[in-house]
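The values are calculated or read from the model by the stated rules, or taken from the named source; none is laboratory data. All values derive from a computational prediction rather than experimental measurement. Here Cβ is always computed from backbone atoms with ideal geometry, including for glycine, and neighbour counts include all displayed protein chains.
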Amino acid sequence: MIREIVFDTETTGLSPLGGDRVVEIGCVELINHIPSGNTFHVYINPERDMPDAAFRVHGLSGEFLADKPVFAAIAEGFVEFIGDAKLVAHNAAFDVAFLNHELGLVGLPPLAEDRIVDTLALSRRKHPFGPNSLDALCQRYGIDNSRRTKHGALLDSEILAEVYLELLGGRQTDLGLAQASAAAAQAAVAVVAGRAQQRPQPLAPRLTPAEIEAHEAFIGSLKEPVWADYIKKNEDGAAVA
């Protein structure tokens with residue numbers, strides 16, 4: 001089983017070392033690259049003001065966040081939810097830097113670099129001429145992001161999960177499996193139907209009498225063929241298994 005967590009954060013700004021804090025975390029669990037339905041979502045009181053520039057991005061005001069839990073109160077729940085799964089994010093370095101700063105403030109170990117999958121890096125390798133923003137990738141892959149009027153951690157994680165599947169070739173792979181399954185089902189129906197409805201007249205043999213005679217002569221020329229021990233003659237002298 002492959003367990004992955006697609007996640008996103010919203011913050012008060014661009015620099016955790018400059019005093020900016022995480023204000024929202026959204027996570028979506030994938031099992032074998034398929035959303036399981038399990039999510040983790042919290043709003044966080046940053047214990048500071050909300051700059052106008054950040055508010056215009058995500059719409060989370062200081063007043064809205066004032067009664068939300070501080071990071072220390074949700075840290076254990078977050079760590080428990082992600083477990084030891086791979087962590088998938090778009091421009092992951094930004095989110096990981098903020099989360100590791102917050103985890104450090106409460107005395108918890110940072111997220112290991114080898115756990116991180118950056119979909120921005122994946123998309124740049126797959127589409128080197130871009131653009132590779134989340135909105136651009138949604139447009140490229142036909143993913144509905146009409147609800148994304150502002151940044152939101154959980155919604156962005158849900159959308160990113162779809163983008164991640166596309167970057168892995170997910171829809172094409174699923175379609176191929178579905179077609180193969182349909183073909184197999186049709187073949188199975190055909191076999192069952194064939195057993196239930198026998199052909200009224202057998203098909204004419206494709207071999208000519210001369211070809212049959214030549215084959216029998218060739219078989220007769222072989223000395224002690226290995227299959228001779230496993231063949232018996234029926235009453236008419238025809239060889240049957």
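Looking at (1) over 17 Å from the mean Cα position of the chain (by Cα); (2) assigned to a helix (DSSP H, G or I); (3) free of Cβ contacts under 8 Å to residues at least 60 places away in the same chain, which is the only condition ALA121 fails?
Exception for ALA121: condition (1).
So, ARG21, is that one out of contact with any His (no Cβ under 6 Å at 6 or more places or on another chain) and within 19 Å of LEU99 (Cβ to Cβ) or not?
Working: out of contact with any His (no Cβ under 6 Å at 6 or more places or on another chain): yes; within 19 Å of LEU99 (Cβ to Cβ): yes.
It is true that ARG21 is out of contact with any His (no Cβ under 6 Å at 6 or more places or on another chain) and within 19 Å of LEU99 (Cβ to Cβ).
If you check GLY13, GLY62, which single one turns out to be of a type in the set (Gly, Ala, Ser) and more than 26 Å from ARG115 (Cβ to Cβ)?
Values: GLY13 fails: more than 26 Å from ARG115 (Cβ to Cβ).
None of the others qualify; the one that does is GLY62.
Taking the range 124-136 as the search range and keeping residues that are touching a helix residue (DSSP H, G or I) at 6+ places or on another chain (Cβ under 9 Å) and assigned to a loop (DSSP other than H, G, I, E, B), which one is nearest to HIS41 (Cα to Cα)?
Within the range 124-136, the match that is nearest to HIS41 (Cα to Cα) is SER133.
Check the range 48-67 and report whether any residue there is under 20 Å from GLY104 (Cβ atoms) and surrounded by 14 or more Cβ atoms within 10 Å (Cβ to Cβ). Steps first, answer last, please.
Just the residues of the range 48-67 that are under 20 Å from GLY104 (Cβ atoms), to begin with: 48.
Next, from what is left, pick out any that are surrounded by 14 or more Cβ atoms within 10 Å (Cβ to Cβ): 48.
Among the residues of the range 48-67, at least one is under 20 Å from GLY104 (Cβ atoms) and surrounded by 14 or more Cβ atoms within 10 Å (Cβ to Cβ), which makes the answer yes.
Among the candidates GLU24, GLU29, GLU10, GLU63, which residue alone is modelled with pLDDT of 95 or more, acidic (Asp, Glu), over 14 Å from VAL88 (Cβ atoms) and out of contact with any Leu (no Cβ under 7 Å at 6 or more places or on another chain)?
Checking each option against the conditions leaves just GLU63.
Scan the range 137-166 for residues that are among the β-branched types (Val, Ile, Thr) and part of a loop (DSSP other than H, G, I, E, B) and jot them down.
Selection gives ILE143, THR149.
I'd like the residue in the range 101-112 that is in contact with a helix residue (DSSP H, G or I) (Cβ under 8 Å, 6 or more places away or on another chain) and in a helix (DSSP H, G or I) and, out of all such residues, is surrounded by the fewest Cβ atoms within 10 Å (Cβ to Cβ).
LEU105
Just checking: which of the helices (runs of 4 or more DSSP H) contained wholly in the range 1-98 hold 1 or more residues that are within 17 Å of HIS151 (Cα to Cα) and not polar (S, T, N, Q)? Step through it out loud before you land on a result.
On the way: elements: 52-58, 62-65, 71-82.
The helices (runs of 4 or more DSSP H) meeting that bar are 52-58, 62-65.
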